[in-house]
Each structure stands twice: as structure tokens, then as C-alpha cells.
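Every number here is computed from the coordinates shown, using simple stated rules; none is lab data. The model shown is predicted, which means the values in this text are computed figures rather than measured ones. Note: ideal-geometry Cβ built from the backbone for every residue, glycine included; neighbour counts use all protein chains shown.
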Ligand SMILES: NC(=O)c1ccc[n+]([C@@H]2O[C@H](COP(=O)([O-])OP(=O)(O)OC[C@H]3O[C@@H](n4cnc5c(N)ncnc54)[C@H](O)[C@@H]3O)[C@@H](O)[C@H]2O)c1
């Protein structure tokens with residue numbers, strides 16, 4: 001199968017491309033290598049994919065907002081995994097218009113380009129942030145998600161809505177996956193675990209927001225990638241579905257810091273600050289649906305996952 005992966009040079013995208021190539025697929029990766037974080041990290045990710053894929057991997061350096069470029073990237077493609085986005089909650093509060101442009105219009109470009117090219121299978125990267133401060137845990141897919149609390153979450157919900165519309169009108173078999181805080185080697189440097197590893201190792205203070213009791217359902221990136229690959233296979237059946245791809249084992253911020261301290265081998269210096277607007281109190285995936293429909297079963301305990309991320313961090317520094 002020939003898969004177009006948008007956001008291929010990013011954290012999750014680069015692992016997905018490697019997984020697809022190892023399983024014999026052909027991959028076109030689209031990415032604009034933007035400066036949201038060090039583009040050098042994305043270049044290293046893209047190089048690793050290219051070395052693995054040889055002539056089964058093609059890289060398209062293009063922006064989602066450039067419709068003709070997205071259309072051109074659809075040539076010969078059987079299915080699309082749409083991961084490219086402006087990610088992150090706090091920057092979306094500072095720059096909502098860029099988030100709207102990339103995450104909503106950019107998703108529309110992917111859908112339209114698929115319609116025109118006759119590509120009929122899509123997996124879309126949504127987020128646990130669409131649940132906002134949902135009261136009921138664990139979060140189940142049929143929970144109402146019309147109360148997002150950040151522009152980022154609102155754009156992801158909008159993406160799910162656009163996906164449903166294109167599925168309905170144009171017969172696109174479509175699966176939206178709500179990822180829960182993904183971590184592991186190549187993690188975006190703006191995310192908590194990457195930041196904590198870097199700063200604790202350097203002996204610098206880390207900032208914790210709230211009272212340390214907020215919790216996240218941290219999911220190891222290779223488990224997330226397994227979920228994406230399963231969803232991609234499932235798009236051979238017509239339909240539209242939403243699945244949580246999480247770990248269903250949330251831990252508190254305090255517990256997380258303790259895991260990072262143990263893996264790095266140094267104590268953290270902590271500076272406490274008030275909870276930031278836009279951040280949710282907790283996330284926790286109900287995996288009943290993903291287990292039943294996709295056979296998804298994450299298996300990486302947090303300690304093992306963080307150890308793998310610390311090993312990658314040390315390797316990068318060497
Ligand atoms: N990492 C997480 O914890 C998490 C959680 C929930 C959802 N997600 C979603 O998963 C997807 C991948 O996230 P990630 O953590 O790998 O982020 P990432 O920033 O590492 O990857 C996204 C990639 O998309 C590219 N990109 C951004 N805007 C683009 C544009 N206009 N045109 C072309 N390429 C563009 C970036 O250069 C980057 O390489 C995103 O859609 C994100 O919202 C991630």
C-alpha cells in the first residue's frame with residue numbers, strides 16, 4: 001500500500017513512517033519543517049526515515065496551506081494519515097489564527113485533495129483535548145465534546161466534524177483517533193517529559209503548574225503508532241469512527257516527575273506556579289471501543305517508556 005503521511009518529519013509521524021516502511025509499504029511524507037520547534041530535529045527524523053525507506057520513501061517539503069502542493073502529493077496514494085498540525089495548547093492561545101489556518105483549512109485541503117484524487121481512506125489525528133474538562137472518567141468516545149477549553153482543542157474538534165462531512169458526502173472511509181499525551185524518543189521538546197528530562201539532567205528548576213495533582217494518560221509513541229497502523233488497516237471497511245488511543249493508566253504530575261527523576265538519576269528542583277488556562281485537569285482514555293474494533297492494546301509501562309526516552313536523549317547528546 002502507498003500511504004501519504006502528513007507531518008512525517010515530526011515526532012509521531014517519523015515513527016509511523018518507519019513502522020509502515022518496515023511493514024513493506026511505500027510512503028510519501030509531507031512536511032513543511034516549520035519552526036514550532038528546532039527544524040534540525042525534524043531533519044534528523046526525515047533522514048532516518050529516508051535511510052530506512054530507500055526508494056520506497058519520498059519526501060515532499062510543502063505546506064498544508066498550499067492546496068496544489070497537497071493535491072500533487074496525492075499521486076498514486078491508496079490511503080492518508082493526516083498528522084500535520086500546529087500542536088500544543090498554550091501556543092494556540094497566543095496564536096489562534098495560525099492554528100485555525102493550519103488545523104482547519106489545512107485539514108480541508110487534505111480532504112479536498114483526496115476527493116479530487118479519488119483517495120478514499122483516511123486516518124485523522126485528533127486529540128484527547130477535545131474532551132475539555134469532562135466530568136466523567138475514563139473519557140469515552142460518545143461523551144459530548146462540545147466544550148473545548150483551548151483554540152487547539154476547538155480546531156481538533158472542527159477537524160473531526162469536517163472529516164465526518166467528507167466521509168458522508170464523498171464516501172471516504174475515515175477514522176479519527178484521539179491521541180492521549182504521547183511521549184518517547186523524538187518527543188516534541190515543548191512537551192512536559194522532554195522538558196523535564198532536559199532540565200533535571202542540567203540541574204535546572206522545572207516549573208510545575210497547579211498542585212501536582214493534575215493527571216495525564218501518557219502513551220508511549222510506539223503504542224500510539226500501533227493504534228494508527230491498526231486504524232489504517234480498518235479503513236478497508238467503509239465507515240466513520242472515532243477511537244481513543246491512550247494508555248488507560250493515568251498518573252499524576254508528581255508521579256511523573258518521580259519517574260523522570262529515577263530515569264535521569266538526579267533530583268528535580270521544582271518551581272510551583274498556578275494552573276494555566278486552557279490546560280485540562282486530567283485525561284484518561286476508555287479503550288473499550290479501540291480494543292474491540294481495532295484490537296488495540298498498549299503495553300508499555302510508564303517507567304519503561306521514560307527509560308527509552310532518556311536513553312534516546314543521552315544518545316542525542318553523545
Ligand atoms: N504528541 C501528542 O501528545 C499529541 C496528542 C494528541 C494529538 N496529537 C496530534 O498528533 C499529530 C502529530 O503530533 P506530534 O506530537 O508528532 O507533533 P509534531 O509537531 O512533532 O509533528 C507535526 C508535524 O507537522 C508539520 N507541520 C505543521 N504544520 C504544517 C503545515 N502547515 N504544513 C506541513 N506540515 C506541517 C510539522 O513541521 C511537524 O513536523 C498532531 O496532529 C497533533 O495535534 C499529538
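Distance between the 7 Å Cα→Cβ label points at residue 255 and residue 34: 3.4 nm.
Using a simple spin-label model with pseudo-atoms 7 Å out from Cα toward Cβ, residue 269 and residue 116 lie 5.5 nm apart. Highest-first packing order for the peptide set 69-78, 227-236, 6-15 is 6-15, 227-236, 69-78, based on the mean count of other beta carbon atoms within 10 Å. Global dimensions of the range 213-286 from alpha-carbon coordinates: Rg and Dmax equal 16.6, 52 Å.
Rg and Dmax over the alpha-carbon atoms of the chain stand at 18.7, 55 Å.
When each of the peptides 134-144, 257-267 is scored by how many other beta carbons lie within 10 Å of its residues on average, the order from highest to lowest is 257-267, 134-144.
In the range 20-113, the C-alpha radius of gyration followed by the widest Cα-Cα span (Dmax) gives 14.1, 41 angstrom.
To the nearest ten degrees, helix 221-234 and the longest principal axis of the Cα atoms of the chain are 20 degrees apart. Of the beta bridges in the chain, as assigned by DSSP with both residues counted there, near 5 percent are antiparallel. Using Cα centres only, tell me the gap between the range 241-311 and the range 40-85 in whole Å. So the two Cα centres are separated by 28 Å. Determine, from the Cβ-Cβ distance of residue 1 and residue 316 and an R0 of 30 Å, the FRET efficiency 1/(1 + (r/R0)^6), rounded to the nearest 0.05. Once rounded, the FRET efficiency stands at 0.40.
Would you mind getting me the FRET efficiency between residue 169 and residue 147? Use the beta-carbon distance for r and R0 = 22 Å, nearest 0.05.
Computed FRET efficiency for residue 169 and residue 147 comes out at 0.25.
For the peptides 45-53, 120-128, 272-280, residues were scored by their other Cβ atoms within 10 Å and the scores averaged per peptide; the highest-first order is 120-128, 45-53, 272-280.
Counted over the range 91-194 with a bin width of 5 Å, the fraction of Cα pairs per bin, in whole percents, is 2, 12, 19, 21, 20, 16, 8, 2, 0.
Using helices alone, I'd like the mean residue ellipticity at 222 nm for the chain: each DSSP H run of four-plus residues gives -39500 (n - 2.57), total over residue count, nearest 500. Could you put the intermediate results ahead of the total?
Details: 12 runs with 134 residues, N = 318.
Result for the chain: -13000 deg cm²/dmol, rounded to the nearest 500.
The stretch between residue 291 and residue 56, if pulled fully straight at 0.36 nm per residue, gains 81.5 nm over its current Cα-Cα span.
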